[in-house]
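Data first, discussion second: the structure below is written as structure tokens.
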Amino acid sequence: MKIYDAIIIGAGVAGLNAAACFDKNDEVLVICKDNSWDCNTFYAQGGVSVPYDEEDVDVHIEDTIEAGAGLCDREAVRILCQDGRVAVDDLINRGFLFDRDENGELHYTREASHSRARILHAGGDATGRQMHHFLMQENVHTLLYNSTVTDLLIEGNICHGVRVYHKGIFRNYYAKTTIIASGGVGSIYKYHTNSKAISGEMQGLAYEKGMELRDMEMMQFHPTVFIHNQGARKQLLTEALRGEGAWIVDENGKRFLFEYDKRGPMSPRNIVSRSIFDWKQKTGLSVYLSLKNFKSDFFKKRFPTIYFNMKDLGLTLPQEDVRISPAFHYAMGGIKTDLNGKVPNFYNLYAIGEVANTRIHGANRLASNSLLEGLVFSKRAVLDIKSRDFEFEFRVFSKEEEDLVKDNDKKLKNTLRTLMWENAGIVREHTKLEETLKEIEKMLKSDIGKLLRLRLKTSREIVRAALERKESLGAHYIKKLKG
Ligand code: SIN
């Protein structure tokens, strides 16, 4: 039986950078569900936040903690910001090209809740795509495409590897260490900015295997998304647009955000999303992103992804305003890990990136901290694995698997997406959360495939956590009904 040194589930920034941190001669298998590029990293626009200089480390820490509404782990944030500069410099030394200004200096932009410009970007607004391309080119390890991980081969506190479904066949792959880097939960919400491969099944599987999911109520909604395109993934309009001069206005041109927070469009993401949601409900007016402060030539060069995506959808930017809505964007909650990405109570199981919860992001992630997290914590995980050299006796697991999909699943999946969007979204009410929990339990009892069951279990943990947190905090906003 072949035994890999490591199996990595997921080929986004965390997964691919973890692969890069292993030695060339290590046997590493990277598994991705779809095409390798169909991951959230690929669609990340804004950039990578990083302390501008030594003095900025403490400021970046405080900005992260303030955005996180008090739920961050200070030590995790300190590691992110302090190791962040090293991780970014390392990437540059490996040959990655961030955008530079006319003097050849790195160009830093600004995003909401950052007290200074500290966001690096590449290809204008194609930071994630460029980074993914770079990490793929660098990768020397085996990549398995179009492969769904259907089970973790766990016995006691040891993970022996994974079961994978690929082209109609189930196979077991064995490894000394397994790293989960499978991303967030986008597809369980009706409107989201995530890759279609991000389905939230892995969190459900982790739950079934006895891992602790933490802060699952903390789901982030990006404020500026064009949701009227076809397809599950909606068009993100990066925060950097607001950082560089875009306005949020209602259809009468009113900059209503100032009625909610004096920082207006530069308020934290949760506040901007909620204000848009509230203003639309209260006034019945549509809300737009106005790009009129940009010069046409500059805009096309600085934000080419958005320019061309919106052109395909029939809008000419920056001349035309874009109708926007908040949409699900990022899961702060996930598999609880220590500060090296190790899953407590398991000897050789790690989780990194969006699927993990180290409490870096607390109750609300600071913009552009996630690519940085992927870089920093993937390296820490691999260093930790190397330092342990854990040995155990492998056993062969059966390849038998339940039905992954059943006839009714598609319909139920859509019901779930609507329920989660309406009741476990930007503004939550206790009674509606309870109704949703009941609906989820009902669906769980019906005749469904394994993948939907895992999705439902992830959703149930989000709803349960939202019910348990009685007061609003960060991205979790609970509306109290009068009387
Ligand atoms: C954006 O470009 O607005 C997204 C950045 C992020 O989610 O960190």
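The values are calculated or read from the model by the stated rules, or taken from the named source; none is laboratory data. Computed from a predicted structure; not experimentally measured. Backbone-built Cβ (ideal geometry, glycine too); neighbour counts: all protein chains shown. Keep in mind that these areas ignore ligands, DNA and RNA; they rest on the heavy atoms of the full protein, side chains included. Shrake-Rupley method; radii C 1.70, N 1.55, O 1.52, S 1.80 Å.
Considering only the stretch 225-262, state which residues are away from the ligand (no atom under 16 Å from the Cβ) and basic (K, R).
K254, R255, K262
Can you find a residue in the stretch 365-387 that is without any contact (Cβ under 8 Å) to a residue 40 or more places away in the chain and either surrounded by fewer than 22 Cβ atoms within 10 Å (Cβ to Cβ) or under 20 Å from G156 (Cβ atoms) (or both)?
Taking the stretch 365-387 and keeping what is without any contact (Cβ under 8 Å) to a residue 40 or more places away in the chain, we get 386-387.
From what is left, the residues that are either surrounded by fewer than 22 Cβ atoms within 10 Å (Cβ to Cβ) or under 20 Å from G156 (Cβ atoms) (or both) are 386-387.
Yes, the stretch 365-387 has at least one match.
Within the stretch 193-231, how many residues turn out to be in a loop (DSSP other than H, G, I, E, B), under 30 Å from P304 (Cβ atoms), among the hydrophobic types (A, V, I, L, M, F, W, C) and within 16 Å of the chain's Cα centre (by Cα)? Steps first, answer last, please.
As a first pass, look at the stretch 193-231 and keep what is in a loop (DSSP other than H, G, I, E, B): 193-200, 209-212, 215-218, 227-231.
From what's left, under 30 Å from P304 (Cβ atoms): 193-199, 227-231.
This time we only want the ones that are among the hydrophobic types (A, V, I, L, M, F, W, C), so: 197-198, 227.
Add one more test, that the residue is within 16 Å of the chain's Cα centre (by Cα), and what stays is 197-198.
Here the count works out to 2.
What is the one condition in (1) open to solvent by 10 Å² or more (accessible area, probe 1.4 Å); (2) closer than 20 Å to T64 by Cα; (3) in contact with a Lys or Arg (Cβ under 7 Å, 6 or more places away or on another chain); (4) within 15 Å of the ligand (Cβ to nearest atom) that H222 does not satisfy?
Status for H222: all satisfied but (1).
Look through the stretch 454-483, keep the residues that are among the hydroxyl-bearing types (S, T, Y) and under 16 Å from W421 (Cα atoms), and return whichever of them is most open to solvent (accessible area, probe 1.4 Å). Break it down into steps so the answer makes sense when it comes.
Narrowing the stretch 454-483 to residues among the hydroxyl-bearing types (S, T, Y): 458-459, 472, 477.
When the remaining residues are screened for being under 16 Å from W421 (Cα atoms), the result is 458-459, 477.
Details: T458: 0, S459: 0, Y477: 80 Å².
It comes out as Y477.
If a residue must be within 13 Å of the ligand (Cβ to nearest atom), charged (D, E, K, R) and part of a helix (DSSP H, G or I), how many such residues does the stretch 363-393 contain?
Looking only at that region, the number is 1.
Looking at (1) under 30 Å from S49 (Cα atoms); (2) open to solvent by 40 Å² or more (accessible area, probe 1.4 Å), find the lone condition where L143 falls short.
Against the list (1) under 30 Å from S49 (Cα atoms); (2) open to solvent by 40 Å² or more (accessible area, probe 1.4 Å), L143 comes up short only on (2).
Taking into account only those residues within the stretch 243-263 that are in a helix (DSSP H, G or I) and of a type in the set (A, V, I, L, M, F, W, C), which is most open to solvent (accessible area, probe 1.4 Å)? Quick ask: steps written out before the conclusion?
So the first thing to find is which residues in the stretch 243-263 are in a helix (DSSP H, G or I), and the list is 243, 256-259.
Subset that is of a type in the set (A, V, I, L, M, F, W, C): 256-258.
Numbers: F256: 0, L257: 7, F258: 98 Å².
Only one residue fits best here, namely F258.
If you take the residues in the stretch 1-41 that are among the hydroxyl-bearing types (S, T, Y) and under 21 Å from the mean Cα position of the chain (by Cα), which one is farthest from A351 (Cα to Cα)?
To start, the set of residues in the stretch 1-41 that are among the hydroxyl-bearing types (S, T, Y) comprises 4, 36, 41.
Subset that is under 21 Å from the mean Cα position of the chain (by Cα): 36, 41.
On the way: S36: 19, T41: 16 Å.
Checked the stretch 1-41; the qualifying residue farthest from A351 (Cα to Cα) is S36.
Pairs, please: C-beta under 6 Å, at least 6 apart or cross-chain, first residue farther than 19 Å from S187 by Cα and in the stretch 459-483, second at pLDDT 95 or above and not in a loop (DSSP other than H, G, I, E, B)?
Qualifying pairs under 6 Å: L467/L433; R469/H476; S472/I478; Y477/R274; I478/R428; K479/E429.
Quick one: which residue in E239, E251 is charged (D, E, K, R) and modelled with pLDDT of 95 or more?
Exactly one residue qualifies, and that residue is E251.
Just to verify a result, which residue in the stretch 162-181, among those that are within 18 Å of K399 (Cα to Cα) and of a type in the set (G, A, S), is nearest to the chain's Cα centre (by Cα)?
Result: A175.
Open to solvent by less than 10 Å² (accessible area, probe 1.4 Å), without any contact (Cβ under 8 Å) to a residue 24 or more places away in the chain and either in contact with a helix residue (DSSP H, G or I) (Cβ under 9 Å, 6 or more places away or on another chain) or closer than 15 Å to S325 by Cα (or both): does that describe L237? Break it down stepwise before answering.
Working: open to solvent by less than 10 Å² (accessible area, probe 1.4 Å): yes; without any contact (Cβ under 8 Å) to a residue 24 or more places away in the chain: no; either in contact with a helix residue (DSSP H, G or I) (Cβ under 9 Å, 6 or more places away or on another chain) or closer than 15 Å to S325 by Cα (or both): yes.
Here the answer is no, as L237 does not meet what is asked.
Which residue pairs have Cβ atoms closer than 8 Å, lie 6 or more positions apart in sequence or on different chains, and pair a first residue in the stretch 1-14 that is modelled with pLDDT under 95 with a second residue that is surrounded by fewer than 24 Cβ atoms within 10 Å (Cβ to Cβ)?
Here the result reads M1/Y174; M1/F394; M1/V396, each pair linking the stretch 1-14 to a residue that is surrounded by fewer than 24 Cβ atoms within 10 Å (Cβ to Cβ).
Please work out which one of (1) more than 17 Å from T41 (Cα to Cα); (2) surrounded by fewer than 24 Cβ atoms within 10 Å (Cβ to Cβ); (3) more than 19 Å from the chain's Cα centre (by Cα) is the condition F134 fails and give its number.
Answer for F134: the failing condition is (1).
Looking only at the stretch 403-412, count every residue that is in contact with a helix residue (DSSP H, G or I) (Cβ under 7 Å, 6 or more places away or on another chain) and part of a helix (DSSP H, G or I) and tell me the total.
Within the stretch 403-412, residues that are in contact with a helix residue (DSSP H, G or I) (Cβ under 7 Å, 6 or more places away or on another chain) and part of a helix (DSSP H, G or I) number 2.
Within the stretch 392-402, identify whether any single residue is surrounded by 17 or more Cβ atoms within 10 Å (Cβ to Cβ) and in contact with a helix residue (DSSP H, G or I) (Cβ under 9 Å, 6 or more places away or on another chain), and answer yes or no.
No: the stretch 392-402 contains no residue that is surrounded by 17 or more Cβ atoms within 10 Å (Cβ to Cβ) and in contact with a helix residue (DSSP H, G or I) (Cβ under 9 Å, 6 or more places away or on another chain).
From the residues in the stretch 45-63 that are acidic (D, E) and more than 14 Å from the ligand (Cβ to nearest atom), which one is least open to solvent (accessible area, probe 1.4 Å)?
Step one: list which residues in the stretch 45-63 are acidic (D, E), which gives 53-56, 58, 62-63.
From what is left, the residues that are more than 14 Å from the ligand (Cβ to nearest atom) are 53-56, 58, 62.
Working: D53: 65, E54: 152, E55: 155, D56: 7, D58: 102, E62: 85 Å².
Within the stretch 45-63, the match that is least open to solvent (accessible area, probe 1.4 Å) is D56.
Of E212, E208, which residue is acidic (D, E), within 23 Å of A363 (Cα to Cα) and surrounded by fewer than 24 Cβ atoms within 10 Å (Cβ to Cβ)?
Numbers: E208 fails: within 23 Å of A363 (Cα to Cα).
So the residue among E212, E208 that is acidic (D, E), within 23 Å of A363 (Cα to Cα) and surrounded by fewer than 24 Cβ atoms within 10 Å (Cβ to Cβ) is E212.
Scan the stretch 146-167 for residues that are modelled with pLDDT of 95 or more and closer than 24 Å to W37 by Cβ and jot them down.
Within the stretch 146-167, N146, S147, T148, V149, T150, V162, V164, Y165, H166 meet the criteria.
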